[in-house]
Structure formats: C-alpha cells, structure tokens
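In what follows, a single structure is set out as structure tokens and then discussed.
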Amino acid sequence: MIIQYCGKYEKYVSAYHCEFFNGGKGCRYYSNARWNRINDLLVDRNRPKQDVHGVIKPFRCSLIG
C-alpha cells in the first residue's frame, strides 16, 4: 500500500484514496511524499505530520493493494 499525506485533512491516506476521492495527482492536496509501508512512514523523521494515528483507506480497499 503506497501512503500519501493529504494536506486537506492533515491525515495520512492510501494513494488509492487520493486517486479515488480527490483526482489523484491533479488534487492540490495530494502530497508528493510517498511511503511504501507503514513502517517506512513511522521511521521517517521528515514526514509532514509527526502524529500518525492510522492511514485512511477507502471502503473495500485492501491494505495490501
């Protein structure tokens, strides 16, 4: 699961969530920062928001997808 940062909601979201709900790379809130796994995100000290409660994903979206 590729993880992006959404500036609109100040939350971490799956890349699929950005594409499905916000038009993907055309969305002005879409972050260029990408993480391939949650563990990669957690160890990145330069991530946009330090507080990571979870990653928002769309309904019926697999965490492995």
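The values are calculated or read from the model by the stated rules, or taken from the named source; none is laboratory data. Because the structure is predicted, anything quoted here is derived from the model rather than measured. Cβ: placed from backbone, ideal geometry, glycine included. Neighbour counts: every protein chain shown. Keep in mind that these areas ignore ligands, DNA and RNA; they rest on the heavy atoms of the full protein, side chains included. Shrake-Rupley method; radii C 1.70, N 1.55, O 1.52, S 1.80 Å.
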Per-residue SASA entry for Val55, accessible area with 1.4 Å probe, Å² rounded to 10: 30 Å²
For the pair Ile56 and Arg28, the simple spin-label estimate (label points 7 Å beyond Cα toward Cβ) gives in nm 1.7 nm
Report the extension gain between Phe20 and Asn36 in nm, rounded to one decimal, defined as 0.36 nm multiplied by the number of residues separating them, less their alpha carbon distance. 3.9 nm
Amide H of Lys11: which non-local residues (sequence gap of 5 or more, or other chain) have their own amide H closer than 5 Å, using H built in the peptide plane? Cys6
